[in-house]
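The values are calculated or read from the model by the stated rules, or taken from the named source; none is laboratory data. In this text, all values refer to a predicted model and were calculated from it rather than measured experimentally. All Cβ positions, glycine included, derive from the backbone under ideal geometry; neighbour counts span all protein chains shown.
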2 protein chains.
Amino acid sequence: MADRTRATTIADVALRAGVSQASVSRVLNGKQNVDPAIAARVHDAVSALGYTPSIAARSLVHGRNDTVAMVVPDLENPLFQGILKGLSLAAAADGYRVLVADTAEQAGEEAAIAREARHRCDAIVLCAPRMPASQLRALAPLLAPAVVVNRSLDDPAVPTVGVDYARGMRDLVEHLAALGHRRLVFLAGPDASSSQAERMRGLRDAVTALPGVSVDTLPCGSRLDDGYRSGEAVAAAVRAGTTAVIAFNDLVALGLMPRLAELGLRIPDDVSVAGFDDVPLARYATPPLTSMSVPRSELGAQVWSRLRALIAGEPSEHALLFRPRLEHRASTAPPPAARRLTGVREALPAESEVPA
Amino acid sequence: MADRTRATTIADVALRAGVSQASVSRVLNGKQNVDPAIAARVHDAVSALGYTPSIAARSLVHGRNDTVAMVVPDLENPLFQGILKGLSLAAAADGYRVLVADTAEQAGEEAAIAREARHRCDAIVLCAPRMPASQLRALAPLLAPAVVVNRSLDDPAVPTVGVDYARGMRDLVEHLAALGHRRLVFLAGPDASSSQAERMRGLRDAVTALPGVSVDTLPCGSRLDDGYRSGEAVAAAVRAGTTAVIAFNDLVALGLMPRLAELGLRIPDDVSVAGFDDVPLARYATPPLTSMSVPRSELGAQVWSRLRALIAGEPSEHALLFRPRLEHRASTAPPPAARRLTGVREALPAESEVPA
DNA sequence: CTGTTAGCGCTTTCAA
DNA sequence: TTGAAAGCGCTAACAG
């Protein structure tokens, strides 16, 4: 039975060790020079009483609680999961903990949740891809120290860490164009998402830079079933001459592929499919999915690096943008027409044979 | 520029409103009968100053901070992600936040991390599948209020919420046996994992109850690449007469399937494959993966329900065990021999045609 | 090197 | 109904 009495406090330790509370505090915090004899008695008392300092009291005195919050729109998104993982590991190494706040896609609550979370913690990581830019701009300064993920922001106090979706998209289109594709389809993500806008920008850049290449956009979404449900629309596009499809992200691509198979389309023989994010499962898909790799854990680690600096009072660093890296796998290959001319073999990446 | 001065305190509000701190506190907490006029002035002052109460100070007084911790061995595991999601949403609805502590598989640190996390929070959720039972038994009482996930424990103060892996395994074997399979292979998870032990128990139960059915165990692991790497061993087993393989979990199965395909084995024509957990991707695999469904978010919600009761001082409830539900998809079908006799069609589930 | 003494910001008796 | 005052448990000046 755990007794319901008050937990032991520093006073109990001081009493038992026959010293002042200040000395106990010093010993426990390794401050100044403390007489070894006293230190020993304190340590004895501490272990005898099983004492542990109150985090709350310490927080009150220090004005910080060694905890940072991460606000995400959806914990089920592999990207945020990866960032959370990287962040929590990096932060833990510095003695910090991470509080998660899933806003459950309630865009309206986001700002309030973020402020509340920030208020409980020393700093905050904000992932709010759908928050209107104006609202974000107003909110950001209230959140500092803070790091914003996957969005650009010109607040000098709030650095951003993110993925260069535009560049990644452009690289991806170039990859497909190099394979010989000319008519592409893009399965768009949520309209309000900032990374969706970035992707579109990359798409436009690519089309501009690549005469003869066109990209049609089909509204879709960001999840497995969104991809699955887009199967028919994609099939129709393929019948109309499209030879490759770029999914908003890997989840969409992974949902789409089996549907295309059901509809009798072979990948990549009839149509190439590419994703974005390079989730772990991408290389184990059938066929292995070509994707743009995003360093999820590394993103989290960098977020922590920025955050730690801000907490320490250092000035905000420059925005950090990771350029996605193409992971060419078997789901993208030359289009049917080109294949008849050049043959498949040279276009298939060697590693598509051995995903591990 | 945010000024570096102290944040506004209740004293500032009291001063500005021309009342005592006690009154401000009362108004803000809706205590007792407060003169409407005073309340109004307080509210004015609060909004004028943009005051928000200090969480730390409040925590010190109340002895709680409305936060619970969740300790997990690996945040990348879909099961824990799902539980975290369900927990954080349910807890948030009651005004609680969730702190995550990823022990990064460092079994040695687990207990220390858990105690530290508990110390920062009002309660804790412990996911420690590999912690030795003796250690867990010793640790659990020190963590209360706490809920242990996916492990049995006879501590009357620490309830458990989990999955009946033994039963699920047995149901899965029965499913395969009913399809006509007699020689099965099980790709085992981490030896020290408690759920692995439970699965083995279910396997033994099934074999005992089903004369003529045998299950060979192959060491494997719990992740995608573990499954992938088991491909050759599985192929060898198939050549030796095995007709179905049960993976430790879906990740293993999803890693295994493409490897089997590479090795020239067709699923389910040459060998049936089943997973466990029913991750979202299972139904979008090629072929759709038969799996035992585990209510991940519901688990999280139930964990919160238990935890909330404990925090409120209510006695610990009985252990809660969810029975996994079979999701029969196209990856499992009658074995080659049986198929020749009975034909494929009747054995294929209708829903395998339309995953969504 | 050690003890005394103020607080950190808030809640809560206890009087008035 | 309201205010004064005493802590919650700890740290940090400041003396000694």
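Suppose we filter segment A:29-38 for residues that are more than 6 Å from DNA strand C (Cβ to nearest atom) and farther than 19 Å from A:Val61 by Cβ; how many remain? Don't jump to the end; show me each part of the working.
Of all residues in segment A:29-38, those more than 6 Å from DNA strand C (Cβ to nearest atom) come to A:29-31, A:36-37.
Right, trim to farther than 19 Å from A:Val61 by Cβ and you get A:36-37.
The qualifying residues number 2.
Can you pull out every residue in segment A:89-108 that is among the hydroxyl-bearing types (Ser, Thr, Tyr) and at pLDDT below 95?
Looking only at segment A:89-108, we keep the residues that are among the hydroxyl-bearing types (Ser, Thr, Tyr), and these are A:96, A:103.
Residue satisfying the conditions is A:Thr103 alone.
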Breaking point among (1) in contact with a strand residue (DSSP E or B) (Cβ under 9 Å, 6 or more places away or on another chain); (2) surrounded by 24 or more Cβ atoms within 10 Å (Cβ to Cβ); (3) touching a residue at least 60 places away in the same chain (Cβ under 8 Å), for A:Tyr284
(1)
So for segment B:60-77 (the condition being away from DNA strand D (no atom under 15 Å from the Cβ) and in a helix (DSSP H, G or I)), does at least one residue qualify?
no
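Could you tell me which of the residues B:Ala90, B:Ala56 is within 14 Å of chain A (Cβ to nearest Cβ), crowded, with 19+ Cβ neighbours inside 10 Å, within 16 Å of DNA strand D (Cβ to nearest atom) and not basic (Lys, Arg)? Show your work before the answer.
Details: B:Ala90 fails: within 16 Å of DNA strand D (Cβ to nearest atom).
Result: B:Ala56 is the single residue among B:Ala90, B:Ala56 that is within 14 Å of chain A (Cβ to nearest Cβ), crowded, with 19+ Cβ neighbours inside 10 Å, within 16 Å of DNA strand D (Cβ to nearest atom) and not basic (Lys, Arg).
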Of the residues in segment B:200-259, how many are of a type outside the set (D, E, K, R), free of Cβ contacts under 8 Å to residues at least 60 places away in the same chain, on the phi < 0 side of the Ramachandran plot and away from chain A (no Cβ under 12 Å)?
24
Looking at (1) among the hydrophobic types (A, V, I, L, M, F, W, C); (2) more than 22 Å from A:Asn150 (Cβ to Cβ); (3) without any contact (Cβ under 8 Å) to a residue 24 or more places away in the chain, which is the only condition A:Leu184 fails?
(3)
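Of the residues that sit in segment B:4-23 and are in a helix (DSSP H, G or I) and either within 14 Å of chain A (Cβ to nearest Cβ) or of a type in the set (S, T, N, Q) (or both), which one is farthest from DNA strand D (Cβ to nearest atom)? Working first, answer last.
Keep residues of segment B:4-23 that are in a helix (DSSP H, G or I), which gives B:10-17, B:21-23.
From what's left, either within 14 Å of chain A (Cβ to nearest Cβ) or of a type in the set (S, T, N, Q) (or both): B:10, B:21, B:23.
Working: B:Ile10: 10, B:Gln21: 6, B:Ser23: 4 Å.
Checked segment B:4-23; the qualifying residue farthest from DNA strand D (Cβ to nearest atom) is B:Ile10.
Results for (1) of a type in the set (Ser, Thr, Tyr); (2) touching a helix residue (DSSP H, G or I) at 6+ places or on another chain (Cβ under 9 Å), shown as yes or no for each residue.
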{"position": "B:Ala91", "(1), (2)": "no, yes"}
{"position": "B:Ala101", "(1), (2)": "no, yes"}
{"position": "B:Ala104", "(1), (2)": "no, yes"}
{"position": "B:Glu109", "(1), (2)": "no, no"}
{"position": "B:Arg115", "(1), (2)": "no, yes"}
{"position": "B:Arg118", "(1), (2)": "no, yes"}
{"position": "B:Met131", "(1), (2)": "no, yes"}
{"position": "B:Ser134", "(1), (2)": "yes, no"}
{"position": "B:Ala140", "(1), (2)": "no, no"}
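Does any residue of segment B:60-72 turn out to be among the β-branched types (Val, Ile, Thr), more than 10 Å from DNA strand C (Cβ to nearest atom) and within 9 Å of chain A (Cβ to nearest Cβ)?
In the first step, residues of segment B:60-72 are kept if they are among the β-branched types (Val, Ile, Thr); the result is B:61, B:67-68, B:71-72.
Narrowing further to those that are more than 10 Å from DNA strand C (Cβ to nearest atom): B:67-68, B:71-72.
Restricting the remaining residues to those that are within 9 Å of chain A (Cβ to nearest Cβ) gives B:67.
For segment B:60-72, residues among the β-branched types (Val, Ile, Thr), more than 10 Å from DNA strand C (Cβ to nearest atom) and within 9 Å of chain A (Cβ to nearest Cβ): present.
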Pairing a residue in segment A:26-38 that is within 13 Å of A:Pro53 (Cβ to Cβ) with any residue that is assigned to a loop (DSSP other than H, G, I, E, B), where Cβ atoms lie under 7 Å and the two sit 6 or more apart in sequence or on different chains, gives A:Arg26/A:Gln32; A:Arg26/A:Val34; A:Val27/A:Val34; A:Leu28/A:Pro53
Among A:Arg41, A:Arg26, which is the only one that is part of a helix (DSSP H, G or I), buried (at least 18 other Cβ atoms within 10 Å of the Cβ) and more than 8 Å from DNA strand C (Cβ to nearest atom)?
A:Arg41
